[in-house]
Amino acid sequence: MTVRLTIDGRQVEAQEGEDLLTACTNAGVEVPHFCWHRAMGSIGACRLCAVKVRRHEADPGTIEMACMIPVADGQHIDIADPEAAAFRGHVIEWLMRNHPHDCAVCEEGGDCRLQDMTIASGHHLRRAGPDKRIHRNQYLGPLITHEMNRCIACYRCTRFYRGVAGGRDLDVFGAHDRVYFGRAEDGVLESPFAGNLAEICPTGVFNDRGWSKVYARPWDMLETPSVCPHCAVGCNIGLSVRANRLRRVISRSHPAINADFLCDRGRYGPLFIEGPSALKAARHHGHAVPLRTALDQAQEAIAVSAALGGAIGIGSPRASLEANYALRRLVGPEHFFAGLDAAEVALHRRLAAHLANASIASLADIAAADAILVLGEDLTGTAPMAALAVRQASRAAERALAAEKHVPAFLDNAVRVAGEGRRAPLVLVTPVPDALDAIATHPLRRAPADIAGFGHAIAAALAGKRADPDASAAAAALAAASAPVIIAGAGLGDPAVLDAAAAIATALNPRARLALFPAEANSLGLALLGGEGLEAAADVPGRGAVVVLENDLHSRCDPATIARLFADRAVIALDCVETATTAIAHTVVPVASFADAAGTCINHEGRAQRTIAARPDSAPAAWRVLAAFGGGAEAGLDDLQVALARDCPQFAAIAAAAPAASYRTPSGRIARAPARFSGRTASDSAGGDAAPPRDPDSPFSWTMEGGALPAELFQGVRILAAAALPPPAQAPAIGGAGLILIPLHDPFSVSETDRASTILAARAPGPQLRLHPADAARLKLAEGAIVSVEGRTVPLVLDKHIPIGHAGLTTRRTTPRRLMPEGSK
Amino acid sequence: MSLPEPLTVMITHAIASHGGPRGAILEALRMVQHAEGWVSDERVADIAALTGMTTAEIDNLATFYSHIFRKPVGRHLVMFCDGASCWMNGGDKVAEAVKARLGIGFGETTADGRFTLLNTCCVGGCDHAPAAVTGRNRRLVGPLRADTLDGLLT
Amino acid sequence: MTAAPLSGPLTGRARADRRPHSLAEWQADGGHAALGLARQQPPAAIVDMVAAAALNGRGGAGFPAAQKWRFMPAPGTIPGDGPSYLIVNGDEMEPGAFKDRLFLEALPHLVIEGAMIAAHAMHASEIIILVRDAYRIGIHAMEQAIAEVDAAGLTGRNLKIRVHASAGRYIVGEETALIEALEGKRAVPRKRPPFPAQSGLWGRPTTVNNVETIANIPGIVANGPDWFRGLSRTAEGGTKLFGVSGRVHKPQLIEAPMGTTARELIDRCGGVSGTGELLAFQPGGGASGFLGPEHLDLPLDFANVADAGSMFGTGTLIVLDTGTCPIGVIARHMRFYARESCGWCTPCREGLPWVAHIVDGLEAGTAKTADLDILHMTAGEAGPRGRSFCDLMGGAMAPLATGLHRFERQFADHAAHGCRA
Ligand SMILES: Cc1cc2nc3c(=O)[nH]c(=O)nc-3n(C[C@H](O)[C@H](O)[C@H](O)COP(=O)(O)O)c2cc1C
Ligand code: SF4
Ligand code: FES
């Protein structure tokens, strides 16, 4: 129900059940605040949101905290009331008593809520004496800095870290004016979402350590909207650049995807483009050459391929759709291959087909679910932000009970209490213990080969057939829900798991939604584009060149396949990072990373999303290079998309993912102005920006001048159309000897780009093999031994949670198979 | 040294009777302190392990509640009331005398580990002001006099 | 150590040496008879009786006990599942308060009997008696008494009773902070509404009552509301266990009718000590505003004291003679409240230490006249209800605000010269 309020004399509407602060914010009126956060509700700690509330026109009114009061019809809210303003000023004065006043050296400076509020409240004169409280700071790991003396005790950090992200190693200690936010002792923050502390903290207690080294003032950076390339969720991010260097990554809100937060992989992964293994220089036969030379050599090799059976193109799930398409057009559809092994190609085709026929769950849908089944997927490892959405959903039951007790939904702590610890059903079926176990109502363990079967048992139970007790319980929980979501993914490499998940969603129709997470940022785009596996590529006769697009084949298939594929062919590698593949390629062409080129990726929902080049003057976009090789005359991305839509009609809609380069706001191009744009750009140690380059692929200016970003035009577009469902997949027969693979996923490290981010690499545990102690004993391997497996050497960890006969291995290639670990000499 | 068996049994029992591990942490801290006089880092880790909580979560409470001691205390704990009623009746003079006699200040322990002095809020003995509580049973003593401290310090 | 003997319908049975009664001794004296009477009546009848008795809560706010109990839902009428709780608040850490100690140490069966009747009246299935850690004798006495009534089968089938010792901190006495503490969390108060009766301990219906409030229940049930109202000299029923401390010759607990005056109480304590002349008194513990000699004949009850600009609070008087420096008293109070702030909300967490620092400076002679502005600002801005998250800050500001007014000359003098007392 809507209610009518008067805010500083202006009539506005609000929704019943909202707090006044939310109502004012929605009406576009800012109420000063620190502790309130739209994703975390009200706690009433900071007391800054004081306003005068009158129940009716003639009511003299009282001072109330806007975040703690529900809206009511006829209310008058006076933010500008002198009594309220005076109180807010004193709150600032109290908070600033112990604040170190170190704004000049604080990286939050200019982007600091405390600084803003201090100025806004008119607190210029310090009346408190010189004595200040002093805290000792902690080492919190490679991602986040700690400066407790700046703390204003808004409790946002612990509320996010514990209450939203489920972390348990950050907490508040002490009492009165000595409350301390940190860990029990120095040490790395364990949560893979810790980076959000830097954004959540309204002042400079927690800052980005990664950003620190390349720090620039927030108002001096150019900000470009982009999309995270580090998993299939495709969270929206902002890339901040100054003097042609990437300086930081921040969360950019997308209502269906990442509303407020980001995972650490997404926040620190993009720093790979500033890392030591960023590929910057062209090479030919191992020698550095000018880019022009490498391009000429490559083009020559491709040209002569015609006479040698034709060139082969190897695409990539990490490259944009346009780059893959340009390669496919260059070599022809028969010679375009997906850059994955055949099993992963089939897996992702199946995944795409299931999604095309399903009611797809976005992250927002997952967060709003009232029951969830996760079938086989280590979500925290493969799609971290989806795991965060599951955590929100698990609170549905508590919210429902609190509502029954008439506890307002915005009172976060009160809801947690009134909810009596209830959890929404979360059926979590994984082969090994999972980060979500603590909130799962049904944490279940099944061997990889049994997970699909368990899923089908749930589907059978939903159809009224008898099933084992766990499956029956899961079915009952899902059947009782009004908005259940079924989640699976490519994490186990097993298409039968996808079939099972889809079968359950079908059995729950029409209420259920389905979320299937592909392995990588553009796995779905690649699957929809087509292209067979690497084995087939290796079988192509002839000696034409092979062009490898942004892909390290060594993590995709066995070395023998690569040897066959590359034998007697000129190998041309296009990439933005150094990999084992660029190391052996004959011609290496540096191309723009996702941050430096416009392009499109299709996320897990089938949503096409556009990246925009954030740095001028970097290497050329891969699609531009490949189009040029084939004589393509497209001037920019928009033209290439026209060709793409003509050749591959399934992608016709992607042009709507973002405005064309010709788009203009009423004030011209879209400004790359940061939220903190000051209009005054200082020359500092970070340097100034060079003369603005051209950007033919986007409607963005290279300066801070221009119109505001029309956010609604940047929400991407869903492109999946219903397709024929493929016949059910066979459970992969993985005969032979050895231990069955359980792919281990790590939230911090997945691909060659993640590993190329030094800051992320410092946080990731590194590759490992995990065996049950009994299996290790049988193989005569001891804890810590260096083991050789599939041509890699990795340390062995004994883990009684690995089922006997299985081996957990950190690997990119999830295709079900057997491993034969051997002690390495 | 890991948690002694009797404490393990008592804490396990508290988990059952206080509505789960969270509800039992304060009890666990008190039990450890009662047995050992204070709560060491090691005991924080022990309680965390036994209750399935993190050390941060235990210390969150242990550092909030003022009568959980995270530093060793002497065999005799003397807690002086520094409330207004005691002050009006000469409480600070008694406290100064005790400090002088033991050679330590509030929050400190004598070198021989016998006495720890603490200042604390009103001890509910305003009718015996100036008052203190002392010993394991928190015996209330007062009215104290600066010239007759023997009753307090023996 | 013995205290002055007590007399009166509420505490008269306490022994001079405060040794608690055994169950047998208590029953021989008519104890636990009211429990039997109460259990023969429907819960609503007991609540009506308490309402007719005009029993106001003795924990500080003086809220009518029956009205609070009426918020407690009958079983089966509330969502969720689990018990309903009665929590008996024996935290007593207010400066100048020492009254609940008597009930816990000397009259444990009275508290338990009252709690069991109250639990019946408010549909509570579990009673938790929270006692401050320093009252170990009281804790022991309560545990002993519970064991006895349990063994004797007096608790009945579905009622559980236990004692919970606080781990220390004044804020634990605030009813919602107390509930947080019982849940194994930091004792940070909760927002009301939702009130504890709606969502209290573990989210279940809960009522918190002061020990003295509960101790009055058996008498009301046994003798009727008219008797109880007849004990009082004002509209608020019953006697009150007053406490007088500070500058009086014989500080002590005194049970006397509601409406007894400060003059009578101070006289019974042998008069003002020191100069023999009253400077001021706080009628309800450290968090109550100062009253002066002009209030000596005010009939003390919640309404009258509030009208006089202070708070009846715990009913424990802190008396200042003219030889006592009021700045010194305020300094002790400010230090205490600053130290005991839970650290949740800004005005209290940051404002109180600042005030404490300044008042200390006034005493030491290091403060400046301009600092008085900060004191006025803090008392004025953070004192009114709702400015800080809970009532600790407002309570702490009461002696400061009234002191700044009443002792204006002394404040100015201290700002100029420091303490010359
Ligand atoms: C800071 C603070 C401390 C309090 N301490 C106590 C206390 O120690 N004992 C007590 O009974 N009530 C205390 N109260 C009052 C309780 O919150 C609550 O109102 C009381 O226990 C209710 O009991 P009654 O209704 O029987 O009076 C305190 C309140 C505040 C704001
Ligand atoms: S007023 Fe605020 S900081 Fe002080 S005790 Fe209450 S909630 Fe805690
Ligand atoms: S935002 Fe309302 S109290 Fe902090």
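Points to keep in mind about this one:
- Those residues of the stretch A:398-430 for which accessible area with every protein chain present is at least 40 Å² below the isolated value (1.4 Å probe): A:405, A:417, A:420
- The Cα trace of the stretch A:360-511 gives Rg and Dmax of 15.1, 47 Å, the first to one decimal, the second as a whole number.
- Extension gain, residue A:558 to residue A:423, is 44.2 nm, computed as 0.36 nm per intervening residue step minus the present C-alpha separation.
- Shape descriptor for the stretch A:2-95: Rg over Rh equals 0.94 (Cα atoms; Rh from the Kirkwood inverse mean 1/r).
- Buried on assembly, the stretch B:99-138 (at least 30 Å² less accessible surface than by itself, 1.4 Å probe): B:121, B:122, B:123, B:124, B:126, B:127, B:128, B:137, B:138
- Contour minus Cα-Cα distance for residue C:408 and residue C:376 (0.36 nm per residue): 10.4 nm
- FRET efficiency estimate (nearest 0.05) - Cβ-Cβ, residue A:822 to residue B:9, R0 35 angstrom: 0.15
- Contour excess over end-to-end distance, with Cα ends at residue A:260 and residue A:30 and 0.36 nm allotted per residue: 81.0 nm
- From most to least packed by mean Cβ count within 10 Å, the peptides B:44-55, A:151-162 give A:151-162, B:44-55.
- Under 15 Å from the Cα of residue A:800 - aspartates and glutamates, other chains or at least 8 residues apart: A:434, A:775, A:783
- Rounded tilt (10° steps) of A:469-479 against the dominant C-alpha axis of chain A: 60
- The interface between chain C and chain B buries about 3800 Å² of solvent-accessible area in total (1.4 Å probe, ligands and nucleic acids excluded).
- With θ taken as phi - 60° and the Karplus curve 6.51 cos²θ - 1.76 cosθ + 1.60 applied, the whole-hertz 3J(HN,Hα) list for the stretch B:132-140 is 8, 10, 8, x, 4, 8, 6, 5, 7 Hz, x standing for glycine and proline.
- Along the stretch A:78-84 the Karplus relation, 6.51 cos²θ - 1.76 cosθ + 1.60 evaluated at θ = phi - 60°, assigns HN-Hα couplings of 10, 6, 7, 3, x, 5, 5 Hz to successive residues, with x for each Gly and Pro.
- 5 angstrom amide H check on residue A:371, placed H, neighbours 5+ away: A:483, A:485
- Rough spin-label spacing in nm, given labels placed 7 Å along Cα→Cβ, for residue C:17 and residue B:136: 2.2
- For the chain pair C and A, the buried solvent-accessible surface (1.4 Å probe, both sides summed) amounts to about 3400 Å².
- Dividing the mean sequence gap of close Cα pairs (under 8 Å, 6+ apart) by how many residues the stretch B:1-98 holds gives a relative contact order of 23 percent.
- Calculated [θ] (222 nm, deg cm²/dmol) that DSSP helices of n ≥ 4 give over chain A, each run adding -39,500 (n - 2.57): -7500 deg cm²/dmol
- Built amide H within the under 5 Å cut-off of residue A:248, gap 5+: A:240
- Rounded accessible area per residue of the stretch C:1-120, 1.4 Å, Å²: 35
- Cα shape, the stretch A:190-238, gyration tensor, a/c 1.5 rule: oblate
- Anisotropy class of the stretch C:20-60 from Cα gyration tensor, a/c 1.5 cut: oblate
- Accessible area per residue, Å², the stretch A:739-823 with all protein chains present, probe 1.4 Å: 41
- Applying 1/(1 + (r/R0)^6) with R0 = 45 Å to the Cβ-Cβ distance of residue C:417 and residue B:111 gives a FRET efficiency near 0.65.
- Whole-percent carbon and sulfur share, accessible surface of chain B, 1.4 Å: 56
- Local electrostatic count, residue A:522, Cβ distance below 11 Å [Lys/Arg +1, Asp/Glu -1]: -2
- From helices alone, chain C scores -12000 deg cm²/dmol at 222 nm; the rule is -39500 (n - 2.57) for each run of n ≥ 4 DSSP H residues, then divide by the residue total.
- Cα-derived Rg over Rh, computed across the stretch A:267-404 with Rh taken as Kirkwood radius: 1.15
- For the stretch B:5-64, the solvent-accessible area of protein heavy atoms averages 36 Å² per residue (probe radius 1.4 Å; ligands and nucleic acids excluded).
- Long-range amide H partners of residue C:240 with built H, under 5 Å: C:256, C:258
- On the basis of the beta-carbon distance and an R0 of 41 Å, residue A:364 and residue A:774 show a calculated FRET efficiency of 0.40.
- Value of [θ]222 nm, deg cm²/dmol, for chain B, DSSP H segments ≥ 4, -39500 (n - 2.57) each, nearest 500: -12500 deg cm²/dmol
- Counted charge near residue B:138, where neighbours are those whose Cβ lies closer than 10 Å (Asp, Glu -1; Lys, Arg +1): +3
- The alpha-carbon atoms of the stretch A:563-630, seen along their principal axes, cover 39, 32, 25 angstrom, with the largest extent given first.
- Per-residue mean of C-beta atoms belonging to partner chains within 10 Å, peptide C:177-188: 6
- Split the accessible area of chain C by element, probe 1.4 Å, and carbon with sulfur accounts for 53%.
- For the stretch A:155-190, heavy-atom accessible area (probe 1.4 Å) falls by no less than 20 Å² from the chain alone to the full protein assembly at A:155, A:162, A:168, A:171, A:172, A:173, A:174, A:175, A:176, A:177, A:184.
- Across the stretch A:739-823, Cα-Cα pairs farther apart than 17 Å form 45% of the total.
- Inter-label distance, nm, simple model (7 Å from Cα along the C-beta direction), residue C:39/residue A:734: 6.6
- Debye log10 I(q)/I(0) at q = 0.04, 0.07, 0.08 Å⁻¹ for the protein assembly as shown, Cα point scatterers: -0.30, -0.83, -1.02
- Accessible surface of chain A, 1.4 Å probe, proportion on carbon and sulfur as whole %: 56
- Nearest 10 degrees, 0 to 90: helix A:342-356 Cα axis against chain A principal axis: 50
- Counting Lys and Arg as +1 and Asp and Glu as -1 over every other residue whose Cβ lies under 14 Å from the Cβ of residue C:219, the net charge comes to -1.
- Couplings 3J(HN,Hα) of the stretch A:181-198, computed from phi: 10, x, 9, 4, 8, 3, x, 5, 4, 7, 5, x, 10, 4, x, 5, 4, 5 Hz, in residue order, whole Hz [Karplus 6.51 cos²θ - 1.76 cosθ + 1.60, θ = phi - 60°; x for Gly and Pro].
- In chain A, Cα pairs under 8 Å separated by at least six residues give a relative contact order of 14 percent.
- Rounded, prolate or oblate (a/c below 1.5 giving rounded, otherwise prolate when a/b exceeds b/c) for the stretch B:76-141 by Cα gyration tensor: oblate
The values are calculated or read from the model by the stated rules, or taken from the named source; none is laboratory data. What you see is a predicted model, and the numbers here were worked out from it, not measured in a lab. So basically every Cβ, Gly included, is an ideal-geometry build from the backbone, and we count neighbours across all protein chains shown. To get the accessible areas, we keep the full protein, side chains included, count just its heavy atoms, and leave off ligands, DNA and RNA. Shrake-Rupley method; radii C 1.70, N 1.55, O 1.52, S 1.80 Å.
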